[in-house]
Amino acid sequence: MRIILIGPPGAGKGTQAARLVRTYSIPAVSTGEMLRHAADQGSELGQTADSFMKRGQLVPDESVIAMVMERIAQPDCASGFLLDGFPRTLTQAEALHESLQQAGIGVDSAVLIEVPDDLIMERITGRRLDPQTGTIYHVKFDPPPPDVVPRLVQRKDDTEEACQARLVRYHAETEPIVAYYERQNLLCRVDGVGDPDRIGGRLMVCLTKKTE
Ligand code: AMP
């Protein structure tokens, strides 16, 4: 099973990715996580990526495409994978298509998780990470216990300005790939507002229909 997850930042892609990975026993390939890891390691790619990520801008296509192609060529992706955060531009979508086509395979489904911008802003700017445990809280929707509050941090790209920039980019650069997958009859639209379990249920209904 090869699935692509599309949606604005803060749409809950990470949460739904974790469920799909369990359901289909496939690895999740999250470009955001891979790029943050590269930035933490201080590799050449990481240093380049960090400067774009901090400003809420997309990392250049060629770097991200090379990184993803290398990852999905690994043996654990042979029977499928879930792409979270990739492709984000038409160039990336076309590069993925070409590479899979050369291998005689294709994407099974592209799932779009839809959430209105004002809710995205509220979700993202309230997000806080506990660096000690990796737990993510939300100041309003999932308040942290008082004793961990002093050590919580906000991701650099979760500030209001960076979030605004990411939303603008999303609408300009990522929405065209929605039309791209729609034309290929691979798109599943899922309402991303509400309880994660219910969203997961909607997603499974959609995926089952697409892959029947
Ligand atoms: P995410 O965790 O998916 O929200 O990604 C965080 C940041 O990583 C984004 O704001 C971009 O700067 C960068 N990034 C992640 N995936 C991609 C991609 N497919 N193309 C370009 N930049 C990306």
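Report, in deg cm²/dmol and to the nearest 500, the calculated mean residue ellipticity at 222 nm for the chain, where each DSSP H run with n ≥ 4 adds -39500 (n - 2.57) and the sum is divided by the residue count.
On the way: 9 runs with 103 residues, N = 212.
Result for the chain, helices only: -15000 deg cm²/dmol.
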For this session: Let me see the pair-distance distribution of the range 62-203: every alpha carbon pair, 5 Å bin width, integer percents in order.
Result: 2, 8, 14, 17, 17, 17, 13, 8, 3, 1, 0
Problem set entry | Contact order relative to length of the range 5-57, as percent, for alpha carbon pairs under 8 angstrom and 6 or more apart | 17
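How would you rank 133-143, 101-111, highest first, on the average number of other Cβ atoms within 10 Å across their residues?
Details: 133-143: 12.4, 101-111: 14.8.
Ranked from most to least packed, the peptides come out as 101-111, 133-143.
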Seminar exercise, completed: Per the Cα gyration tensor, the range 131-184 corresponds to an equivalent ellipsoid with semi-axes, largest first in Å, of 33, 13, 9
Problem set entry | Relative contact order %, the chain, counting alpha carbon pairs below 8 Å whose residues are six or more apart | 29
Problem set entry | Eligible lysines near K156 by straight Cα distance, threshold 23 Å, same-chain separation 8 or greater | K13, K54, K140
Problem set entry | Normalised alpha carbon radius of gyration of the range 149-212 [divisor 2.2 N^0.38 Å] | 1.53
Problem set entry | Global size of the range 19-99 as Cα Rg and Dmax, reported in angstrom | 12.9, 36
For this session: Mind listing the lone cysteines of the chain, meaning no other Cys beta-carbon sits under 4.7 Å from theirs?
Result: C77, C163
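Quick note: the coordinates plus some simple rules give every number you see, no bench work behind them. Since this is a predicted model, take the numbers as computed values, not measurements. Using ideal geometry, Cβ is built from the backbone for each residue, glycine included, and neighbour counts are taken over all protein chains shown.
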